[in-house]
Each structure stands twice: as structure tokens, then as C-alpha cells.
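Scroll down for the structure; my scribbles are underneath it.
The values are calculated or read from the model by the stated rules, or taken from the named source; none is laboratory data. Note that the structure is predicted; figures quoted are calculated from it, not measured. Methodologically, a virtual Cβ is constructed for each residue, glycine included, from the backbone with ideal geometry; neighbour enumeration extends over all protein chains shown. Just the protein is used for accessible areas: all its heavy atoms, side chains included, with ligands, DNA and RNA removed. Shrake-Rupley method; radii C 1.70, N 1.55, O 1.52, S 1.80 Å.
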Amino acid sequence: MKMEHDFHMATGEAEDNYANNSRLQRKALLKTKPVLDKAVRQVCMALHPRAMIVADLGCSVGANTLLFVSDVINTVADAQHHDELRCHPMELQFFLNDLSGNDFNQVFKSVKQFTKSIAASHPKGVALPPFYISGLPGSYYTRLFPCQSVHLFHSSYCLHWRSQMIKDMDEKMSDINGGNIYIAKSTPPSVVKMFQDQFQKDMSLFLKLRHQELVPGGQMLLTFLGRKKEGVLDGDLSHLCALLAEALQALVTEGLVEREKLESFNLPLYGPSIDEVKAVIALNKLFGIDHIQLFESNWDPYDDMENDGMCSSPQHGVNVAKSIRAVFEPLLASHFGECILDELFQRYARNVERHLAEDNTKYSVIVLLLNRKV
Ligand SMILES: C[S@@+](CC[C@H](N)C(=O)[O-])C[C@H]1O[C@@H](n2cnc3c(N)ncnc32)[C@H](O)[C@@H]1O
């Protein structure tokens with residue numbers, strides 16, 4: 001699979017598609033709303049743009065990207081209403097970006113209803129700023145905008161994806177990762193380094209490109225999966241992916257998946273620690289850090305409990321499997337074929353249920369607010 005051309009979220013039946021299985025990602029948007037609010041106000045007050053240019057990188061489909069759009073509109077409307085901006089009225093231009101395989105038509109179809117509902121939900125007497133919404137296909141690992149033209153970049157639940165499949169340099173890829181599909185306890189150091197090098201290369205490129213596109217003083221809010229512990233073999237994503245590898249290995253044993261297929265597959269993901277993120281930002285010297293935090297989120301998108309106690313049930317396994325399938329399905333289907341997916345995710349749900357009974361592992365989510373150094 002070529003990430004730039006073929007990667008996208010699941011688009012099929014309503015029950016399985018990303019739009020209906022993205023509650024986990026929605027929870028991150030709700031959690032980061034105060035940081036977004038701060039970034040929007042900072043842009044308004046420092047730059048006083050007549051038209052504020054805002055981009056959501058990796059918008060996907062479904063209600064989440066429009067939730068982000070409505071948060072920005074509401075913050076600007078509120079600031080204008082209370083005369084915090086002490087300046088001329090402002091217009092907003094949103095660019096919703098994703099790879100060209102994304103179903104942009106689905107996003108466009110929901111814009112009309114969104115425009116109606118945001119107007120209807122607004123208190124009388126508070127004027128909404130005029131806003132415009134466009135789609136922008138292309139990889140954020142390439143230039144997307146003219147020089148110094150964007151005031152605010154946002155990206156949620158995307159930057160843990162690498163720009164390309166993790167491959168051995170000589171392309172032989174004969175079982176370099178011992179049947180694992182991500183970094184696991186038995187992953188050799190040379191393979192860990194491949195994942196880490198790809199992260200550093202991608203992140204440095206992303207920072208360089210966005211630095212060129214942001215106006216001086218512009219802001220960038222990035223939320224992505226990371227790792228709580230420094231130890232790279234014991235990351236939160238390692239546990240999640242090891243359970244999927246275990247389900248694939250069972251299908252190999254039963255002859256439903258070819259061993260070579262499994263051995264030549266590594267997920268194009270990397271969950272960095274906070275220190276790794278700080279190091280790559282410091283190395284590039286392009287952005288200052290206004291805010292950095294790590295919060296945890298339950299694997300089950302429907303589990304809103306904040307405790308660390310063990311609580312496992314088959315439903316948790318099923319919910320986790322559905323949310324992972326909505327994201328991984330096209331990638332797995334292109335490598336292993338569609339016909340194994342139902343069986344694979346039934347096994348995965350059982351593996352997750354068993355794991356959560358022993359260890360209430362959570363996602364670690366990194367939130368980063370950066371300002372462009374002049
Ligand atoms: C899990 S979805 C998150 C979508 C949305 N931000 C949300 O919060 O629901 C990740 C999205 O990132 C997109 N993505 C991954 N790599 C990308 C890249 N290089 N350029 C643009 N989009 C990318 C994927 O296509 C996918 O739609």
C-alpha cells in the first residue's frame with residue numbers, strides 16, 4: 001500500500017465505518033477544547049487577521065472535523081461579542097485536509113446541515129462570523145499552502161501515522177520483526193530504530209513544511225497518540241498492536257493467512273514519548289512550545305470511567321475491536337485481503353477482553369500547542 005494514495009479510514013456499512021465509530025477521537029476533541037480556545041484567542045489578539053485561515057489536517061469523515069470547525073467559530077463569536085478582540089469583524093476560512101483517498105464528498109454533504117444547525121444553536125444577539133469551508137486533498141508530508149498564509153493549524157489523532165510503510169532498506173523484509181506488526185518486546189533494536197528514524201524524519205519534515213506555511217505568530221495544535229513510559233518496548237500502542245498480531249498469528253497457524261504475509265507487515269505507526277517529541281522540536285528550532293501534556297483515554301471509546309480498576313466484559317472487547325477496525329480496515333484489507341477481516345476482529349475482540357481483565361491499559365494522548373518562531 002502507498003500511504004499517500006491508498007490510505008483512508010473505513011467507509012463501508014454504517015455499523016463499521018469511521019464516521020460512526022470515531023467516539024474515541026471525539027473525546028480527544030472535547031478534552032483539548034480549552035487549548036484550542038486559547039490558540040484561537042492568541043491568534044486573534046496577536047495578529048488581528050481580517051480573514052483567519054484555519055486548516056484541519058487529517059480531517060477524515062464524520063462529525064469530528066465539523067466539531068472542530070464549530071469550536072473555532074464559537075470562540076471567535078464569543079470573543080467578538082465581548083469585544084475582547086477590539087478590532088474589526090473577522091471572517092473565517094477553513095481548509096479541511098486529508099489524503100486523496102478520503103471521502104471528501106461525504107464531508108461536503110454534511111456542510112449544509114452544519115451551517116444551518118450552528119446558526120440555529122447560537123444565542124440571539126450574538127453574531128456569528130462569516131465562514132467558508134473548503135476541502136484540500138494531499139499529504140501533510142508535502143507543501144499544502146502558500147508561504148506564510150495560514151494562521152492556525154490543527155490536527156487530531158493523525159500524527160502517529162507515518163508517511164510510508166516501515167520497510168527494511170534492502171526491501172527483503174524477511175521476518176525482520178519476528179511476526180510482530182509493531183514494536184513489541186521481541187522486536188530487535190535495528191527494527192525499533194527503523195520505526196524511530198521514520199518518526200524523526202516525518203516529524204521534522206512536518207514541522208519544516210508547516211513553519212513555511214504559517215504566518216509568523218501563527219499557532220499549531222497537534223493531538224496524537226504517544227507513549228507514557230520512556231521504554232520503547234513497553235508502549236501503550238505496543239500492547240494494542242501485540243493483541244492484533246496474536247490474532248493474525250492464530251490465523252497463520254490455521255492456514256488462513258500466509259506466514260510470509262504476516263512477516264512482511266509492519267504498521268506505519270509510531271507513538272513517541274513526550275521527551276522524544278520535545279527533542280525533535282528542539283532539534284528543528286522552528287517552533288516554541290506553548291503547551292504540552294499527556295492524557296490517558298480508555299481503549300473502549302464508550303468507557304468514560306476515570307478509574308484505573310480492572311473492569312473487563314465482552315462488550316469492552318467488541319467496542320475496542322470496532323473502533324480499531326474502523327481505522328485499520330483498509331490497510332489490513334489491502335495487505336491480507338478482505339476475507340479474513342471478520343474472523344480477525346472477532347479474535348481480536350476476545351484477545352482485548354482477556355488483556356483488559358488483567359491490565360487496564362489505556363491510550364496515551366499527547367497534546368501540543370506550538371507557536372511559530374519568527
Ligand atoms: C483517525 S483519523 C482522525 C480524523 C479526525 N481528525 C478525527 O479526529 O476524527 C486519521 C486521519 O488522518 C489521515 N491521514 C493520515 N496520514 C495523513 C497524511 N499524510 N496527510 C493527510 N492526512 C493523513 C487519515 O487519512 C485519516 O483520515
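Whether any residue in the range 308-317 is open to solvent by 10 Å² or more (accessible area, probe 1.4 Å) and under 21 Å from SER22 (Cβ atoms) is what I want to check.
To start, the set of residues in the range 308-317 that are open to solvent by 10 Å² or more (accessible area, probe 1.4 Å) comprises 308-316.
Of the ones still in play, those that are also under 21 Å from SER22 (Cβ atoms) are 315-316.
Within the range 308-317 (the criterion being open to solvent by 10 Å² or more (accessible area, probe 1.4 Å) and under 21 Å from SER22 (Cβ atoms)), the answer is yes, since at least one residue qualifies.
Test ASP56 against the criterion of being near the ligand (Cβ under 10 Å from one of its atoms), acidic (Asp, Glu) and in contact (Cβ under 8 Å) with a residue 12 or more places away in the chain, and give yes or no.
yes
Could you give me the residue pairs with C-beta distances under 6 Å whose first residue belongs to the range 107-124 and is within 12 Å of VAL69 (Cβ to Cβ), whose second residue is among the hydrophobic types (A, V, I, L, M, F, W, C) and open to solvent by 30 Å² or more (accessible area, probe 1.4 Å) wherever it lies, and which are 6+ apart or on separate chains?
Correct list of pairs: VAL111/ILE133.
Having 1 or more residues that are within 16 Å of the ligand (Cβ to nearest atom) and open to solvent by less than 20 Å² (accessible area, probe 1.4 Å) is the bar; report the strands (runs of 3 or more DSSP E) wholly within the range 131-234 that clear it.
In the range 131-234, 150-156, 214-226 are the strands (runs of 3 or more DSSP E) which contain 1 or more residues that are within 16 Å of the ligand (Cβ to nearest atom) and open to solvent by less than 20 Å² (accessible area, probe 1.4 Å).
For VAL76, indicate whether it is open to solvent by less than 20 Å² (accessible area, probe 1.4 Å) and either under 15 Å from LEU221 (Cα atoms) or within 16 Å of the ligand (Cβ to nearest atom) (or both).
no
I need the full set of residues from the range 321-335 which are touching a Leu at 6+ places or on another chain (Cβ under 8 Å) and touching a residue at least 12 places away in the same chain (Cβ under 8 Å), in order please.
Going through the range 321-335, the residues touching a Leu at 6+ places or on another chain (Cβ under 8 Å) turn out to be 323-325, 328-329, 331-333.
Matches in the range 321-335: SER323, ILE324, ARG325, PHE328, GLU329, LEU331, LEU332.
Which of the residues belonging to the range 232-278 are over 16 Å from VAL192 (Cβ atoms) and of a type in the set (Gly, Ala, Ser)?
Answer for the range 232-278, where residues must be over 16 Å from VAL192 (Cβ atoms) and of a type in the set (Gly, Ala, Ser): ALA247, ALA250, GLY255, SER264.
Just the residues that are modelled with pLDDT under 95 and either within 20 Å of the chain's Cα centre (by Cα) or basic (Lys, Arg) (or both), please, taken from the range 105-144.
Within the range 105-144, GLN106, VAL107, LYS109, LYS112, LYS116, LYS124 qualify.
Report whether or not ALA46 is within 14 Å of the ligand (Cβ to nearest atom), out of contact with any Ser or Thr (no Cβ under 7 Å at 6 or more places or on another chain) and outside any loop (DSSP other than H, G, I, E, B).
no
State yes or no: is CYS311 modelled with pLDDT under 90 and either farther than 14 Å from LEU240 by Cα or in a helix (DSSP H, G or I) (or both)?
yes
Restricting to the range 340-360, name every residue that is polar (S, T, N, Q) and at pLDDT 90 or above.
Matches in the range 340-360: GLN346, ASN351.
Out of ALA242, ALA282, I need the residue that is open to solvent by 60 Å² or more (accessible area, probe 1.4 Å) and at negative phi. Which one? Give the steps one after another, and end with the answer.
On the way: ALA242 fails: open to solvent by 60 Å² or more (accessible area, probe 1.4 Å).
Among ALA242, ALA282, only ALA282 is open to solvent by 60 Å² or more (accessible area, probe 1.4 Å) and at negative phi.
Just need a number here: residues in the range 87-124 that are away from the ligand (no atom under 16 Å from the Cβ) and assigned to a loop (DSSP other than H, G, I, E, B).
8
So which residues in the range 11-33 are aliphatic (A, V, I, L, M), more than 9 Å from the ligand (Cβ to nearest atom) and at pLDDT 95 or above?
Correct list: LEU30 only.
Go through (1) assigned to a helix (DSSP H, G or I); (2) in contact with an Asp or Glu (Cβ under 7 Å, 6 or more places away or on another chain); (3) crowded, with 19+ Cβ neighbours inside 10 Å one by one and return the number of the condition LYS33 breaks.
Condition (3) is where LYS33 drops out.
In the list VAL54, VAL61, VAL69, which residue meets the criterion of being surrounded by 18 or more Cβ atoms within 10 Å (Cβ to Cβ), among the aliphatic types (A, V, I, L, M), at pLDDT 90 or above and part of a helix (DSSP H, G or I)?
VAL69
Checking GLU84 against (1) modelled with pLDDT of 90 or more; (2) more than 15 Å from LEU136 (Cβ to Cβ); (3) among the acidic types (Asp, Glu), only one condition comes out false. Which one?
Going through the list (1) modelled with pLDDT of 90 or more; (2) more than 15 Å from LEU136 (Cβ to Cβ); (3) among the acidic types (Asp, Glu), GLU84 breaks only (1).
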